[in-house]
Amino acid sequence: MTLSSAEEQAPIISRLIESGAETVSDCGGSATNSLVAAASFGASCFHACKVTNDEDGIRYLESLKAAGVSHKGDMASADSMPTGKCLILVTPDAKRTMTTSLSVSSFMDGQDLDLDEIANSKIFYVEGYMVTSDENYGCVLSVLEHLKSFPEVKIALSLSDPGIVAGFIDKFKEIEAYGLDFIFGNDDEFMVFVGASNIDEAFDLLQSKNYISIITMGEQGSAVISSNEVIKTPRVNIEPVDTNGAGDMFAGSFMFALLQNHDLKVCAEFANYGASRVVETFGPRLTKDGYQETLKSFQKS
């Protein structure tokens, strides 16, 4: 993942259009994809985000509404800066390269938050990319301060990207110090987060934490680590098409299962299955029917 500007993205997009490349366009972002998954399975979800009153911003909020995800906040003026955009290039081996223009999404403020709605939630989910701007990070800290009065709300953090973790490790550690219940990430992200040279060392370090760590490991499946156990769940055998959105689907599926009071093993199994369905699909999400088919198929198994 590389941070870029809208101006840097423009010639790449033009070349892709000229080449006739297959494309998918939708509201996105890591946390957005996770919330859309959980909402599509039946959870009640609320999203705090920042968009501009432009074509992309209008389409973004319309897509959220269609997915059943609530939202609060005024749109930024169309003459300020564009809605953020992530351009994702997928190669035939299902690998991805992302170039992200954060634009207005870097400038969230109190108008984009609903502290009452957040305090009424069962899980507050923080996307790791929120540490990359002072404004966004300030929003995260203000919510965490507010939630000190609501200990029943579980706090979950996504590590999002190993480069982001390495570059902003002090901010991640400050979030950790507020008291987390769950951390989501892949093996590379967790190794950077705890300063481990290999995943086994990371497992040992994570078992000393007070929270539950949920780790995706590609072909090795996933692992759920708490102070008293390590639950390893094998991957689902599939033919990969596009890995984009797999981790987002994993987190959304896992949290949905948690809200249904399933144990950690079942949560991991459902998350693995949900992620495998996305990997079989071009694009970061499933159709509405796809989410329901995923839920029904897992319930039958």
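Please treat every number below as a calculation from the coordinates, not as lab data. Everything numeric in this text was worked out from a predicted model, so none of it was measured. So basically every Cβ, Gly included, is an ideal-geometry build from the backbone, and we count neighbours across all protein chains shown.
Which listed residue (Phe172, Met108, His47) has the Cα farthest towards the positive end of the charge dipole for the chain, taking +1 on Lys and Arg C-beta and -1 on Asp and Glu C-beta about the Cα centre?
Highest projection toward the positive end goes to His47.
DSSP beta bridges in the stretch 64-168, what fraction antiparallel, as a percent rounded to 5? All intermediate terms of the calculation are to be shown ahead of the outcome.
Working: 6 of 10 bridges.
Given both bridge residues lie in the stretch 64-168, the antiparallel proportion sits at roughly 60 percent.
Taking 8 Å as the Cα distance limit and 6 or more residues as the minimum spacing, I'd like the relative contact order of the chain as a percentage.
Worked out over the chain, it gives 16 percent.
Among Leu206, Leu115, Leu264, which one shows the highest mean-square fluctuation when the chain is modelled as a Gaussian network with alpha-carbon springs under 10 Å?
Leu115
Scan around Ala76 for amide H atoms under 5 Å from its own, H built in the peptide plane at 1.01 Å from N, and keep only partners 5 or more places away or cross-chain.
Distant-sequence amide H within range of Ala76: Val51, Thr52, Asn53.
Could you work out, for the stretch 143-238, what percent of all Cα-Cα pairs fall into each 5 Å distance bin, beginning at 0 Å and stopping at the bin that holds the largest distance?
3, 13, 23, 25, 17, 11, 5, 2, 0
Could you list, bin by bin from short to long, the percent of Cα-Cα pairs of the stretch 186-242 in 10 Å steps?
Calculated P(r), rounded to whole percents: 24, 53, 19, 5.
For the stretch 1-21, list residues with backbone N below 15 Å from a point placed 7 Å from the Cα of Glu135 toward its Cβ?
The answer is 6, whose backbone nitrogens lie closer than 15 Å to the label point.
How many angstrom lie between the C-alpha centres of the stretch 243-282 and the stretch 128-147?
Cα centroid to Cα centroid, the span is 25 Å.
Over all directions, what mean area does the Cα convex hull of the stretch 120-177 project, stated in square nanometres?
3.7
Using only Cα atoms, what Kirkwood radius does the stretch 52-131 have, in angstroms?
Roughly 14.8 Å, rounded to one decimal.
Note down the Stokes-Einstein diffusion coefficient of the stretch 237-301 in µm²/s, whole number, using a Kirkwood radius over alpha carbon pairs, 10 °C, and 1.306 mPa s.
It comes out at roughly 137 µm²/s.
Sticking with the crude label model, points 7 Å out along Cα→Cβ, report the distance from Asp79 to Ala177 in nm, one decimal please.
About 4.3 nm separates the two model spin labels.
Rounded to the nearest 0.05, what FRET efficiency do Lys95 and Glu55 have when you use their Cβ-Cβ distance and R0 = 30 Å?
Result of the calculation: an efficiency of 0.50.
Based on DSSP, what percent of beta bridges with both residues in the stretch 2-300 are antiparallel, to the nearest 5?
45
Can you list the residues of the stretch 60-84 with backbone N under 11 Å from a point 7 Å past the Cα of Leu3, pointing along Cα to Cβ?
Once the point is set 7 Å along Cα→Cβ of Leu3, nothing inside the stretch 60-84 turns out to lie under 11 Å by backbone N.
Using the 10 angstrom Cβ neighbour count as an exposure proxy, how do His262, His71 rank, fewest first? Provide the component values of the computation, followed by the final result.
Details: His262 15, His71 18.
Listing His262, His71 from fewest to most nearby Cβ atoms yields His262, His71.
Rounded to two decimals, what is Rg over Rh for the stretch 38-194 when you use alpha-carbon atoms and the Kirkwood radius?
Radius of gyration relative to Kirkwood radius: 0.96.
In the stretch 9-82, which GluC sites (Glu not before Pro) fall in coil by DSSP and have 16 or fewer other Cβ atoms within 10 Å?
Here the sparse-neighbourhood loop sites are Glu22.
On a C-alpha basis, how far is the centre of the stretch 55-119 from the centre of the stretch 171-217 in Å? Whole number, if you could?
Taking the Cα centre of the stretch 171-217 as reference, the centre of the stretch 55-119 is 27 Å away.
Using a 7 Å offset from the Cα along the Cα-to-Cβ direction at both Asn237 and Ser121, what is the distance between the two label points in nm, to one decimal?
Here the modelled spin labels are 3.9 nm apart.
Ordered by residue, what ³J(HN,Hα) values in Hz, to whole numbers, does the stretch 27-33 give under the Karplus form 6.51 cos²θ - 1.76 cosθ + 1.60, where θ = phi - 60° and Gly and Pro are x?
Rounded to whole hertz, the list is 5, x, x, 4, 5, 4, 4.
Would you kindly calculate the translational diffusion coefficient of the stretch 154-301, applying Stokes-Einstein with the Kirkwood radius from alpha carbon pairs, for 10 °C and a viscosity of 1.306 mPa s, and quote it in µm² s⁻¹ without decimals?
102
Can you tell me the FRET efficiency between Ser208 and Asp26 if r is taken as the Cβ-Cβ distance and R0 is 35 Å, rounded to the nearest 0.05? Let's see the in-between values first.
Values: r = 40 Å, r/R0 = 1.14.
The value I calculate is 0.30.
I need the peptides 253-260, 63-70, 25-32 ranked by packing, meaning the mean over residues of other C-beta atoms within 10 angstrom, with the highest value on top.
Those peptides, ordered most packed to least, come out 253-260, 25-32, 63-70.
Looking at this model, which pairs from Lys72/Lys296; Lys154/Lys209; Lys171/Lys288; Lys95/Lys300; Lys122/Lys296; Lys232/Lys300 are more than 27 angstrom apart at the alpha-carbon?
Result: Lys72/Lys296; Lys171/Lys288; Lys95/Lys300 exceed 27 Å.
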